[in-house]
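What follows is one structure encoded as structure tokens, with my remarks underneath.
The values are calculated or read from the model by the stated rules, or taken from the named source; none is laboratory data. Because the structure is predicted, anything quoted here is derived from the model rather than measured. When we count neighbours, we look across all protein chains shown, and the Cβ atoms used for this are built from the backbone with ideal geometry, even at glycine. Note: areas computed on protein heavy atoms with side chains; ligands, DNA, RNA excluded. Shrake-Rupley method; radii C 1.70, N 1.55, O 1.52, S 1.80 Å.
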Amino acid sequence: MDIKVLGTGCAKCRATVDLIEKIAAETGAEIALEKVEEMRAIVGYGVMSTPAVVIDGKVVHKGSVPAAEMVRGWLA
């Protein structure tokens, strides 16, 4: 599973990365996690509010740190 966290490096963006890493470790999900901080790349996904999460090329969340249960659902 290819996951990208889109954001400029703010605290919420870092919290999103940490949350995804933590839940992936807990569940044993195999993921490739990438942080995308370049504004041109972020806008290329049609995202105007960060953090945003992209899974396998599809934007699944934007504008806030996702809830832990939401992340578990993505990784299930």
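List of remarks:
- In the chain, counting only helices (runs of 4 or more DSSP H) that sit wholly within it, the ones holding 2 or more residues that are touching a Gly at 6+ places or on another chain (Cβ under 9 Å) span 11-27.
- A single entry from Gly46, Gly63 fulfils the requirement of being under 14 Å from Lys4 (Cβ atoms) and without any contact (Cβ under 8 Å) to a residue 24 or more places away in the chain: Gly46.
- Pairs are defined by a Cβ separation below 8 Å, a sequence spacing of at least 6 or placement on different chains, a first member in the range 12-34 that is basic (Lys, Arg), and a second member that is not in a helix (DSSP H, G or I); the pairs so defined are Lys12/Thr50; Lys12/Pro51; Lys12/Ser64; Lys12/Val65.
- For the range 58-76, a tally of residues being open to solvent by 60 Å² or more (accessible area, probe 1.4 Å) and within 22 Å of Glu30 (Cβ to Cβ) returns 5.
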